[in-house]
1. Any residue at all in segment 386-394 that's in a loop (DSSP other than H, G, I, E, B), aromatic (Phe, Trp, Tyr) and touching a strand residue (DSSP E or B) at 6+ places or on another chain (Cβ under 8 Å)?
2. Would you check which residues across segment 247-270 are under 18 Å from Pro308 (Cβ atoms) and either in contact (Cβ under 8 Å) with a residue 12 or more places away in the chain or surrounded by fewer than 17 Cβ atoms within 10 Å (Cβ to Cβ) (or both) and list them?
3. Within segment 361-374, restricting attention to residues that are under 26 Å from Gln333 (Cα atoms) and out of contact with any Phe, Trp or Tyr (no Cβ under 9 Å at 6 or more places or on another chain), which residue is surrounded by the most Cβ atoms within 10 Å (Cβ to Cβ)?
4. Which condition number does Arg477 fail, the rest of (1) of a type outside the set (Asp, Glu); (2) within 17 Å of His251 (Cα to Cα); (3) over 20 Å from the mean Cα position of the chain (by Cα) being met?
5. Residues of segment 165-192 being within 15 Å of Arg203 (Cβ to Cβ) and either free of Cβ contacts under 8 Å to residues at least 12 places away in the same chain or not aliphatic (A, V, I, L, M) (or both), which ones?
6. Taking only pairs six or more apart or across chains, which ones have beta-carbon atoms under 7 Å, a first residue in segment 414-440 that is small (Gly, Ala, Ser), and a second residue that is in a helix (DSSP H, G or I)?
7. What pairs come up if the first residue lies in segment 230-242 and is modelled with pLDDT of 95 or more, the second is β-branched (Val, Ile, Thr), and their beta carbons are under 6 Å apart, counting only those six or more places apart or on different chains?
8. Taking the condition among the aromatic types (Phe, Trp, Tyr), within 25 Å of Gln206 (Cα to Cα) and outside any helix (DSSP H, G or I), does Tyr490 pass?
Amino acid sequence: MSDTSNPSVPRKSSQTEHTLSLPDKSLPYVALAEWQTLFDQEKPIAEMFHVAYLAQTDDGSPRSLTFVFNGGPGAASAYLHMGALGPKRIHFGANGSLPKPPVRLEENVESWLSFTDLVFIDPIGTGFSRSLPRPKDTSEKTDETKPNEADKPKEKEFWEVDRDLKSLGEFIQRFLSRHKRWLSPIFIAGESYGGFRVARLARKLQQEFGVGLSGAILISPALEFSLLGGTDYNLAAWATLLPSLAAAAAHHDRARWAGEPGDLQAHTSAAEQFARKTLIPLLAMGDTFSPDERQTAYQQLSELLGLPMTLVERQAGRVSIEVFSRELLRDQQRIVGLYDASITAIDPFPDRVSYEGIDPTLDGLDRLFTGAINSHLRDTLGVETDLSYHLLNLETFKAWNFDLKGALDLGSIDDLRVGMTLNPYMQVYISHGLFDLVTPYFASNYLADLMKLNPEIRPNLTLKHYQGGHMFYTWARSRQQWFTEMTAFYQAATVV
C-alpha cells in the first residue's frame, strides 16, 4: 500500500486552467493537483495529496478559502469533491438513487467554487497521500541482509486522533504560506468523521496554529462517539436515533403519520418529543416503569416506526439500525440503507436470522466515486502517478487509534465550544440528512441543546437538515437548498 519512492525527488504536480459555466456567468479557475510535504524536525516524513481550485477574478479583494476533507477515518476527500462541492460532480438518479454504469460526470452549477476557493485534502493513507521512508541513521550498524526499519514508511503514526489533526493543521499552515493566503477568510468543512475533525480543529487551528476561522461547516458529523451506538446502559443513543428511524418509516409509508400524511416535519417533530419525554424515561426507569405505561409507550413507538408491536416489545424499545433495516420492509424481502434509509435493496439472505445484507448506499457508491475521481484526476487534471487512489482505506480504519481510553469516551463538542468562545465571530453550520441512520441528525440537535453557549455566540450556531441520507447532497433538491443556504452563510460570515 505504501509508496517507497525517493523523498528527495518531489512528485510531479499538475496545474490546469478551466472555466465553470454558471447560470449567470462563466467563472475561470486554476486547478492545482499536487503533493505537499510534511516535515518532522526539518526531515520529510509524508506527502499529502490535495486538489485546489482557485477562481481567477479581478476585483482585487481576497477570496475566501475553504479546506475540505471527509472522514472514515480512512476516507479520501473524493466524496465531497465529486459529489457536491467541486466544479464537476457525479450524476445521480432521482432522490440519490444509484445510476447504472458507467459513471457520468457533469458540470456542477451548485459548486461552492462560485463563492469560495476550495482545497480538497486527502489525509495520509487515503487518496494519493503517503508517508515517506525515514532516512537511515548512519551512526548505527545494521544487518545488511535485513531491511532497515528506517526504510519503511510509517503511515500508522498518522492514524491516530491527535496526530491526524496535527497533520491537517500543518498542511493548512504551509498551504497558506506557499500561496500567500493568510489574509483570506478561512473556512473548514468536513463530512462524517471529517465533521469530528472540524469540531476539534475549530479549537486547535486557532489555539495552536494561529489560523483564525471565519466559519466551520460540519456535514453529517459524528461529534460524540457515545451516541453512535446504544446499550442497556447508554440510553441517549437510542433517543437520538429514533427520529431518523421514524423519518425513514414515514418515507416508506409504513408509519402511522403523526400529522397529515406526507407531513414529514410533523412526524419527525413528534418522534423528537417522544424521544425526549417518553423513550428516555422508559429506558431509564427500567423495571420500575409500570406494565401499562410500558405497553402504551411500545404502542406509540410501533406506530412511529412502522414496526410490529411484538418486535418493539421484544427489543424493549431499543431498536437498532440493523433490526430496523431488516424488518421495515421484510414482507417485500427488501432492506433499507443504513446511510440512507430511503434507498432499498433486495435482501440477499431473507431466510437468515440475523442481518447479513450489504448496505445499498455505502457499498453501492464505491464504483461511482472510484471511477469519477480517477477519471477526473488523471484525464481532466492531468495527474501522472502509478499510485492507486485509496477512496476508502479499510486498513486505515481498522488500524486507527481513536483514544487510549477507548472510542466511547471520544468527543469533540467541548473543542467546538472552546473554538466558538476563542473566536466569537466564527460561524458554525451543522447539517444532516433526515434518513441517515449512522450519524442521525437528532444527535447534533441534542448536543447543541447541551452546549450551554453564551447568548452572545449562540446565534453563530446554525443547524439545518435536509431530505436524504449521509450524503444528502446526492438528492438534487437537497443539494440545491443546501447551496442556497451556504451561499448566504458565507456572505454573512465574511461581511465586514
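The values are calculated or read from the model by the stated rules, or taken from the named source; none is laboratory data. Quantities reported herein were computed from a predicted structural model and do not represent experimental measurements. Note that we place each Cβ from the backbone using ideal geometry, even for glycine, and neighbour counts take in every protein chain shown.
1. yes
2. Restricting attention to segment 247-270, the residues satisfying the condition of being under 18 Å from Pro308 (Cβ atoms) are 248-250, 252-257.
Answer for segment 247-270, where residues must be under 18 Å from Pro308 (Cβ atoms) and either in contact (Cβ under 8 Å) with a residue 12 or more places away in the chain or surrounded by fewer than 17 Cβ atoms within 10 Å (Cβ to Cβ) (or both): Ala248, Ala249, Ala250, His252, Asp253, Arg254, Ala255, Arg256.
3. Keep residues of segment 361-374 that are under 26 Å from Gln333 (Cα atoms), which gives 361-368.
With out of contact with any Phe, Trp or Tyr (no Cβ under 9 Å at 6 or more places or on another chain) added as a condition, the list becomes 363-364, 366-367.
Values: Asp363: 14, Gly364: 17, Asp366: 11, Arg367: 13.
Looking at the filtered set, the residue picked out is Gly364.
4. (3)
5. Lys166, Gly169, Gly190
6. Gly419/Ala202; Gly419/Arg203; Gly419/Gln206; Ser431/Trp482; Gly433/Phe472
7. Close Cβ pairs (under 6 Å, with a partner that is β-branched (Val, Ile, Thr)) amount to Ala239/Ile280.
8. Spelling it out, it is not the case that Tyr490 is among the aromatic types (Phe, Trp, Tyr), within 25 Å of Gln206 (Cα to Cα) and outside any helix (DSSP H, G or I).
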